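For reference, the structure discussed in these notes is given below.
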Amino acid sequence: MAVPGKVAAFRLPPLPTVGEIIKLFRLKAQKQLSQNFLLDLRLTDKIVRQAGELKNAHVCEVGPGPGGITRSILSAGVEQLLLIEKDARFIPGLQMLSEAAPGKVRIVHGDILTYKMDKAFPKHLKKNWEDEPPDIHIIGNLPFSVSTPLIIKWLENVSKKDGPFTYGRTQMTLTFQKEVAERLTANPGGKQRSRLSIMSQHLCTVENCFIIPGQAFVPKPEVDVAVVHFTPLVQPKIQQPFELVEKVVRSVFQFRRKYCFRGIETLFPESGRLKRTEQLMMTANVDPTLRPFQLSMSQFRNLCNTYRKMCDEDPSLFPYNYREELKQKKMRNLLKPTSQTEQPE
Ligand code: SAM
């Protein structure tokens, strides 16, 4: 669990307010880029406190925009702050902040989805994976269209110990649409239990810290927002390659309202499907009539380990793609209007 840190270890000189910066540089939020700004520094302080103790830490802020969260990070007394912002209009305002905290801020005008973070911090900060997390944090309030693909990419990086996790178990404090945060943290049996719950919780301790109501943002988004804190686990709960876990979990949740065997079947080619599904479920000791959202992490682990063994015995299994087979079958059945092939949800 993240231990909330202190803010205000460093005093910024008097500056225009974030609202004044927005006016000064004409930073009207662009709807097509889903830009929603936080102007209340008590709230940005609260987000930054969720990251833990930041005094002398190295922080990467993604999507700083007009710089509300940036000010709170600087006030926490960080050693270095790397800012990655895609929209060039924000750069002059960020430069003003950089001048107010000499030698601390590095600004990159770039896209976080392609930015390589494996060399972004000094080498001496590297920690062994089994040690305490390094003094490196990622913090960001990104558009929802970016934060979900980004967390999937970062979870893959956690699993491979590359990207930002070259330095060890780097912690992340990020915002998500409230419903996505609920999926990330959902327990077995919960309404929101999904692929995202398994993929995140098998690799990280995931904590839903608090909700920010939509009206706290300017302009106000349609939805509420949640702050989520991630700490990579020393031992992943499923010790198999990311791609294999992803394939099993995606297959299980393919038919989320049906019995779980229905999704698991899709791991296997049509010939021998039933036999192999039975073999997998029996060896993994999973009741085929459970619904996908009822499966526990250890049941997912058993499924992944058993599927791995089956793939090792028959290397043609892992590349098998159910949707591809379905597509080819559809092509063949094109002239048969009574085809009853069931569609994934
Ligand atoms: N952090 C600011 C705040 O809380 O007020 C701005 C938040 S706004 C929701 C998202 C910010 O992320 C914008 O400044 C936007 O330009 C930036 N952004 C969007 N996509 C990005 C990407 N792919 N890489 C880096 N920054 C991005």
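The values are calculated or read from the model by the stated rules, or taken from the named source; none is laboratory data. The structure displayed is predicted, hence computed values, not measured ones. Note that each Cβ is placed from the backbone with ideal geometry, even for glycine, and that neighbours are counted across all protein chains shown. All accessible areas refer to the heavy atoms of the entire protein, side chains included, with ligands and DNA or RNA removed. Shrake-Rupley method; radii C 1.70, N 1.55, O 1.52, S 1.80 Å.
For the range 16-31, name all the residues that are open to solvent by 50 Å² or more (accessible area, probe 1.4 Å) and either away from the ligand (no atom under 11 Å from the Cβ) or not assigned by the TED database to the domain that holds ASN56 (or both). Give the steps one after another, and end with the answer.
To start, the set of residues in the range 16-31 that are open to solvent by 50 Å² or more (accessible area, probe 1.4 Å) comprises 17, 20, 23-26, 28, 30-31.
Matches in the range 16-31: THR17, GLU20, LYS23, LEU24, PHE25, ARG26, LYS28, LYS31.
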Fill in: Positions within the range 153-199 being aliphatic (A, V, I, L, M), more than 22 Å from LYS119 (Cβ to Cβ) and within 16 Å of the ligand (Cβ to nearest atom), in sequence order
VAL180, ALA181
Item to complete: Being open to solvent by less than 70 Å² (accessible area, probe 1.4 Å) and within 15 Å of the ligand (Cβ to nearest atom) is the filter here, so list the residues in the range 97-136 that pass it.
Response: LEU97, VAL105, ILE107, VAL108, GLY110, ASP111, ILE112, LEU113, TYR115, MET117, ALA120
Discussion item. If SER34 meets every condition in (1) within 25 Å of LYS220 (Cα to Cα); (2) surrounded by 21 or more Cβ atoms within 10 Å (Cβ to Cβ); (3) among the small types (Gly, Ala, Ser) apart from one, which number is that one?
Written reply: (2)
Practice prompt. Can you give me the number of residues within the range 151-165 that are under 23 Å from VAL105 (Cα atoms) and surrounded by fewer than 20 Cβ atoms within 10 Å (Cβ to Cβ)?
Written response: 1
Practice prompt. Mind listing whichever residues of the range 170-188 are among the aliphatic types (A, V, I, L, M) and either closer than 11 Å to VAL228 by Cβ or open to solvent by 40 Å² or more (accessible area, probe 1.4 Å) (or both)?
Written response: MET172, LEU174, VAL180, ALA181, LEU184
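Looking at GLN254, GLN279, which one is outside the structural domain of GLY189 (by the TED database), within 27 Å of the chain's Cα centre (by Cα) and over 30 Å from GLY214 (Cβ atoms)?
The unique qualifying residue is GLN254.
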Worksheet, complete the sentence: In the range 51-85, anything of a type in the set (S, T, N, Q) and within 14 Å of the ligand (Cβ to nearest atom) is listed as THR70, SER72
Item to complete: Assess whether LEU113 counts as being more than 22 Å from the chain's Cα centre (by Cα), of a type outside the set (Gly, Ala, Ser) and not in a helix (DSSP H, G or I).
Response: no
Worksheet entry | Failed item in (1) at pLDDT below 95; (2) touching a Ser or Thr at 6+ places or on another chain (Cβ under 8 Å), with THR231 passing the rest | (1)
Fill in: Members of the range 71-93 that are assigned to a helix (DSSP H, G or I) and surrounded by 18 or more Cβ atoms within 10 Å (Cβ to Cβ)
ARG71, SER72, ILE73, LEU74, SER75, PHE90, GLY93
Worksheet item: If you scan the range 263-313, which residues turn out to be assigned to a loop (DSSP other than H, G, I, E, B) and either touching a helix residue (DSSP H, G or I) at 6+ places or on another chain (Cβ under 7 Å) or surrounded by 13 or more Cβ atoms within 10 Å (Cβ to Cβ) (or both)?
Response: PHE268, PRO269, GLU270, ASN285, VAL286, PRO288, LEU290, ARG291, LEU295, SER296
Fill in: Filtered residue count, the range 314-330, keeping only those that are open to solvent by 50 Å² or more (accessible area, probe 1.4 Å) and outside any helix (DSSP H, G or I)
5
Practice prompt. Note down all Cβ pairs under 9 Å where the first residue falls in the range 16-39 and is of a type in the set (Lys, Arg), the second is part of a loop (DSSP other than H, G, I, E, B) and within 8 Å of the ligand (Cβ to nearest atom), and they're at least six residues apart or on different chains.
Written response: LYS28/GLN35
